[in-house]
1. List pairs: first residue in segment 34-55 and open to solvent by 60 Å² or more (accessible area, probe 1.4 Å), second residue outside any helix (DSSP H, G or I) and aliphatic (A, V, I, L, M) anywhere in the structure, Cβ distance under 7 angstrom, at least six positions apart or on different chains.
2. Condition first: more than 18 Å from Gly16 (Cβ to Cβ) and either in a helix (DSSP H, G or I) or open to solvent by less than 20 Å² (accessible area, probe 1.4 Å) (or both). Now tell me which residues in segment 87-112 satisfy that.
3. Find the residue count for segment 113-134, including only residues that are under 14 Å from Gly20 (Cβ atoms) and touching a residue at least 24 places away in the same chain (Cβ under 8 Å).
4. Testing Ile130 on (1) hydrophobic (A, V, I, L, M, F, W, C); (2) within 14 Å of Asp14 (Cα to Cα); (3) over 11 Å from the mean Cα position of the chain (by Cα), one condition comes back false. Which one is that?
Amino acid sequence: MIHQDTVKLLRECDAGIKMGTASIDDVLDHVKNNSFRTYLTECKQEHNKLQDEVQILLDKYKDDGKAPNPMAKGMSQIKTNIKLGLNDSDATIADLMTDGCNMGVKSLNRYLNEYKAADEVSKDITKRLINLEEKLTTDIRQFL
């Protein structure tokens, strides 16, 4: 059970990290404020570090990981394009990123509860990812 829950939790982290970095990539070119751009760039770098850790563990378990849900990713891109098309501002980007982070935090907490038997290393990565998402929402509130 531990092995199974660990792999499932790692897969969800993998998908979440990929979704987060893709979302940052989708908006980064539209950001006007240098501080805001720095917050997003640093957050993406931290996501990439966690991605490396997740990948090492997935490789250890001989698992390919998980891509983000294509429907969720597509809907996110459509929402981003529509909102930025209507109002290409840092406030719009901060709103989009805050919504995405909140959804990620909610999902990751749900997976932590669902996969209780996962090993402590995987749970720690999940908690660090949650903290990273929460920190970004706090950091970018000034741009809402």
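1. Hits for this filter: Arg37/Val31; Tyr39/Ile140.
2. Asp90, Ala91, Thr92, Ile93, Ala94, Asp95, listed by residue number.
3. The initial filter retains those residues of segment 113-134 that are under 14 Å from Gly20 (Cβ atoms), namely 125-126, 128-134.
Cutting the leftovers down to touching a residue at least 24 places away in the same chain (Cβ under 8 Å) gives us 125-126, 128-130, 132-134.
So the answer is 8.
4. Going through (1) hydrophobic (A, V, I, L, M, F, W, C); (2) within 14 Å of Asp14 (Cα to Cα); (3) over 11 Å from the mean Cα position of the chain (by Cα) one by one, Ile130 breaks only (3).
The values are calculated or read from the model by the stated rules, or taken from the named source; none is laboratory data. Here the structure is a predicted model, which means the values were calculated and not measured. Cβ atoms come from the backbone with ideal geometry, glycine included; neighbour counts cover every protein chain shown. Side chains are part of the model used for accessible areas, which takes the heavy atoms of the whole protein and leaves out ligands, DNA and RNA. Shrake-Rupley method; radii C 1.70, N 1.55, O 1.52, S 1.80 Å.
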